[in-house]
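Trainee: Dumping the structure here so I can ask a few things about it.
The values are calculated or read from the model by the stated rules, or taken from the named source; none is laboratory data. The model shown is predicted, which means the values in this text are computed figures rather than measured ones. Please note: Cβ atoms are built from the backbone with ideal geometry, for glycine as well, and neighbour counts cover all protein chains shown.
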Ligand code: DGJ
């Protein structure tokens, strides 16, 4: 599908539905002409006669100081300009598309910049990043150091008038909120400087709606994600021109990067896609791309798990773990995860102030060690998983006693502590720390090869700027994350099969850069189902259900002490990677039967939820009293529709259940899942055409009389399966 031709420096990069037209004429700057709907070769040729001009694609600072740069540097002689001209263009095939490399060099200084463009055909995605090389020859006396002051991954030029941007923010317990606003003149910046948890607050993804305020299933939209676990900055810049400039990269604030002669810096990938099927269209592309090319095991179904955290907190011990496993196995569960609290002997993990770093089972709590629990899980037909937070240490730990020099610390400053008043961050820039973090996983896995799942947590922001191992303190963000990546690479090379969950005080590490090595992320410590509807909605813009851990928890909810009905909690969790997070022994017999049945039903719909295409239908952010979404299998033979009542007033009219993505010419059997005792829905067990379901739709709950007692509260929800006949 992917055709490339080079005519007077014009390069066309195609994916099945999109085209990026570049101009890379030797001796001139790299430019972009157009990005959007797929163009034919003739249409591409006609762009110049249609009056299209070429705009900078990787603006260098110095000779156009009035423009926002993507790259800026200071030469060894102090010259603060960069003047790039294309010297070579190369394009190779890789199994998913093309990889185009445009090489530019400074016209005077030995500096080289390679801009990479990778197409991912199966997802209509393009990835771009750069390699910046100091090609000076260092001498014994002079390293010929260049100081990079800006080093973005890529740039987009948006030639549209009524552009709206959707961004994502959220702190602890309130992850993935969406914010929508039009782009107006001036600068708009999406930035995160947390250091370790780069989706606490702003996320590194944006939806750019090109035809006014974004709509879910109509309109042209670009979605872009910076794949990087560290600090970043995404900047929109609109001045007196018909274009908006978008530049994305590692945050360069107080982070000049010293590049010695002969050295290079590779920037993270900026992935972007275009769709004329609205924001849900962009999401479908990102989900497909993530599953196929990016995340770990994107083509394997996820197990239904029980996590111990909200059930017992740190009060882990062998009898309770066994009791939870017994109960869960009897309910049809597949994987048990022992969360925080299991480790530390000199210092005990009885509170969150101690023992991080000492990854040996606490013999008081687990006399049989991990091995006995893994054996016991296996005997019960469950897989076993375990929690770690390997980048962190408590002052009260044997590790800190041995290696106080391993933590981040600013010289001449008092140490600043995190969680529990004693937590510190190990400096992932330090090769010894990298070896240690690798050994944490390696020891657990080599001693317990049957461990199936690791939850990797991270519960502290970088508070103080200070590495005890780096020559250049301003490299901290980049060096930490390059160290993290190298360590995860080693872990994955040795343990390719283990499932890794990324967690950071909940959803603090939701980023495609990190997901390279992880299978999923924990969305939030707030498991209140009502707020989860919003969070899951926001997360689904860029992340597929298979990656989004959603657990049914107890009431009042662990983090915010809120009550919702069990059915609502189950229905909400069932639209993601389904799991449970409570003490099963606290469920009544009736509740246990309900959850058991839900587990059984989730197993049936799991393929469509985890691999299907998402269609977001009614947003919880609209004042419609409800929210709905659905997943449709690729061959459109199977679909699941979810409907949640949100804040609504008596007699508020709910919209009909109007579907999307079905085959209009096929008939679908409608089956309600997680049904309670109430009267059956009138359409349960009936067959309707895809066309009818999409153009007309089904009637929702109308009055309170349609509801069970349990549902005559604020909570009401429906899960409906549609099976092609
Ligand atoms: C924060 C995580 O988000 C929770 O799920 C839990 O694992 C705790 N850490 C444990 O300390």
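Trainee: When you scan region 55-152 for strands (runs of 3 or more DSSP E) that lie fully inside it, which ones turn up with 3 or more residues that are surrounded by 19 or more Cβ atoms within 10 Å (Cβ to Cβ) and in contact (Cβ under 8 Å) with a residue 60 or more places away in the chain?
Mentor: The strands (runs of 3 or more DSSP E) meeting that bar are 71-74, 97-106, 111-120, 125-134.
Trainee: Please return the ranges of strands (runs of 3 or more DSSP E) entirely within region 254-332 where 1 or more residues are within 16 Å of the ligand (Cβ to nearest atom) and surrounded by 23 or more Cβ atoms within 10 Å (Cβ to Cβ).
Mentor: Answer list for region 254-332: 305-307.
Trainee: I would also like to ask the following. Hey, does region 333-353 have a residue that's under 33 Å from the mean Cα position of the chain (by Cα), at pLDDT 95 or above, more than 16 Å from the ligand (Cβ to nearest atom) and not in a loop (DSSP other than H, G, I, E, B)?
Mentor: no
Trainee: What are the pairs with Cβ atoms under 7 angstrom where one residue, in region 371-385, is closer than 18 Å to residue 302 by Cα and the other, located anywhere, is part of a loop (DSSP other than H, G, I, E, B)? Sequence gap at least six, or different chains.
Mentor: 378/450; 382/333; 382/334; 383/303; 383/334; 384/450
For every residue, the table says whether it meets (1) closer than 24 Å to residue 584 by Cβ; (2) in a loop (DSSP other than H, G, I, E, B).
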position: 497; (1), (2): no, yes
position: 511; (1), (2): no, yes
position: 524; (1), (2): yes, yes
position: 530; (1), (2): yes, no
position: 552; (1), (2): yes, no
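Trainee: Across region 573-590, what is the number of residues that are under 30 Å from residue 616 (Cβ atoms) and not in a strand (DSSP E or B)?
Mentor: 5
Each row is one residue, and each column tells you yes or no for (1) more than 16 Å from the ligand (Cβ to nearest atom); (2) in a helix (DSSP H, G or I); (3) modelled with pLDDT of 95 or more; (4) in contact with a strand residue (DSSP E or B) (Cβ under 6 Å, 6 or more places away or on another chain).
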{"residue": "434", "(1), (2), (3), (4)": "yes, yes, yes, no"}
{"residue": "455", "(1), (2), (3), (4)": "no, no, yes, yes"}
{"residue": "471", "(1), (2), (3), (4)": "yes, no, yes, no"}
{"residue": "479", "(1), (2), (3), (4)": "yes, yes, yes, no"}
{"residue": "482", "(1), (2), (3), (4)": "yes, yes, yes, no"}
{"residue": "489", "(1), (2), (3), (4)": "yes, yes, yes, no"}
{"residue": "493", "(1), (2), (3), (4)": "yes, yes, yes, no"}
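Trainee: Going through region 153-188 one residue at a time, which ones are part of a loop (DSSP other than H, G, I, E, B) and closer than 22 Å to residue 536 by Cα?
Mentor: Hits for region 153-188 are 170, 171, 172, 173, 174, 175, 176.
Trainee: If a residue has to be farther than 14 Å from residue 203 by Cα, surrounded by 23 or more Cβ atoms within 10 Å (Cβ to Cβ) and over 10 Å from the mean Cα position of the chain (by Cα) to count, how many in region 535-548 make the cut?
Mentor: 3
Trainee: Is one or more of the residues making up region 604-625 within 30 Å of residue 324 (Cβ to Cβ), out of contact with any helix residue (DSSP H, G or I) (no Cβ under 9 Å at 6 or more places or on another chain) and surrounded by fewer than 19 Cβ atoms within 10 Å (Cβ to Cβ)?
Mentor: For region 604-625, residues within 30 Å of residue 324 (Cβ to Cβ), out of contact with any helix residue (DSSP H, G or I) (no Cβ under 9 Å at 6 or more places or on another chain) and surrounded by fewer than 19 Cβ atoms within 10 Å (Cβ to Cβ): present.
Trainee: If you don't mind, there's one more thing I want to ask. Which residue is farthest from residue 524 (Cα to Cα), if the candidates are limited to region 196-213 and must be more than 16 Å from the chain's Cα centre (by Cα) and crowded, with 22+ Cβ neighbours inside 10 Å?
Mentor: Step by step, filter region 196-213, then rank; the result is 209.
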